[in-house]
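Report on one structure; see the data block that follows.
The values are calculated or read from the model by the stated rules, or taken from the named source; none is laboratory data. Since this is a predicted model, take the numbers as computed values, not measurements. Neighbour counts are summed over all protein chains in view; Cβ atoms, including those assigned to glycine, are modelled from backbone coordinates with ideal geometry. When the accessible area is computed, the model is the full protein with side chains, heavy atoms only, and any ligands, DNA or RNA have been set aside. Shrake-Rupley method; radii C 1.70, N 1.55, O 1.52, S 1.80 Å.
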Amino acid sequence: MFGIGNITKSKKDPFEIRRNALYILNTIIKKKIKLNLKNIIKKNIILYGNKINNNNVANDIINFIFKRFCFLYIKKGYPKEIIKSIKKFKFTNILNFYNHLKAIKFLLNFKKSYNLINSNKRILNIIYKSNNIFYKKIKISLLKEKYEIKLFKKIIFLKKKINKLIFKKKYKIIFKKFININKYINIFFNKIMIMINENKICINRLTILNKIKEIFDKIANIAILK
């Protein structure tokens, strides 16, 4: 069907592909089956050879399965914003995507998560108004206040930890660390004036916020959560 560009729709699904896709998704997640969706599709494309005349067949299948996944978990009570927050990540490992999704729902169970979401929104708002003017790296020589120095050290520590945790797919631990660093972000906002006349220090403080955003963006678009 997909190989000839005939993408199934709700009103035209004689082979019940949509329903079968839900069954397959449930089985993968329930049995904790680790598979690379993209690799499986590529192998099947090779097997079908010249019978396939749709050059975009791999993306069509992945998009179809992703939409079925969204339908399944919205029906199970997951807010659309949670799915949207990780939509930019590749939907090739279904189990990993599910664990990622579940971890965000886990995050929202904490009262402190809403402070984290608000901090993200505030960071994005400031960055947007700054016209994206930053240094490539935070300049240590321009850190003048103890609160920005403390936040800088927390960022460096978190960045090192996050990369290892992402590799291990430890999303729940990552979100706990996000909540922990958020108290230092709040102190930074309360104690430090960002938009000051000393241009170099101002840009450096904007760079601090941008580096925090870069870390958060590796996991989810937290600012769109509610």
Quiz item: Stretch Lys67-Lys43 to full length: gain in nm at 0.36 nm per residue minus the Cα-Cα span?
Solution: 6.4 nm
Practice problem: Relative to the longest principal axis of the C-alpha atoms of the chain, give the angle of the C-alpha long axis of helix 57-75, reported between 0 and 90° and rounded to the nearest 10°. | Solution: 70
Exercise. Considering only Leu107, Leu165, Leu47, give the residue with the highest GNM mean-square fluctuation for the chain, with springs between Cα atoms whenever their separation is below 10 Å.
Key: Leu47
Exercise. For the chain, evaluate the Debye formula with one uniform point scatterer on each Cα (no solvent term) and list log10 I(q)/I(0) at q = 0.11 Å⁻¹, rounded to two decimals.
Key: -0.68
Quiz item: Roughly what would the spin-label model give for Lys164 and Asn20, points 7 Å off Cα along C-beta, in nm?
Solution: 4.5
Quiz item: So between Glu81 and Arg122, what do we pick up on full extension, going 0.36 nm a residue minus the alpha carbon distance?
Solution: 13.0 nm
Practice problem: Counting other Cβ atoms within 10 Å, keep those with at most 16, restrict to DSSP loop, and tell me which trypsin sites (Lys or Arg not before Pro) in the range 93-143 are left. | Solution: Lys111, Lys112, Lys136, Lys137, Lys139
Quiz item: With r defined as the distance between the Cβ atoms of Met193 and Lys137 and R0 fixed at 25 Å, what FRET efficiency is calculated, to the nearest 0.05?
Solution: 0.70
Quiz item: Among the lysines, which fall within straight-line cross-link reach of Lys51, defined as a Cα-Cα distance under 26 Å, with same-chain neighbours fewer than 8 residues apart omitted?
Solution: Lys9, Lys11, Lys12, Lys38, Lys42, Lys43, Lys67
Exercise. Report, largest value first, the span of the C-alpha coordinates of the range 53-126 along each principal axis, in whole Å.
Key: 50, 31, 18
Quiz item: Of all the accessible heavy-atom surface of the chain, with the other protein chains kept in place and a 1.4 Å probe, what percent is carbon and sulfur?
Solution: 54
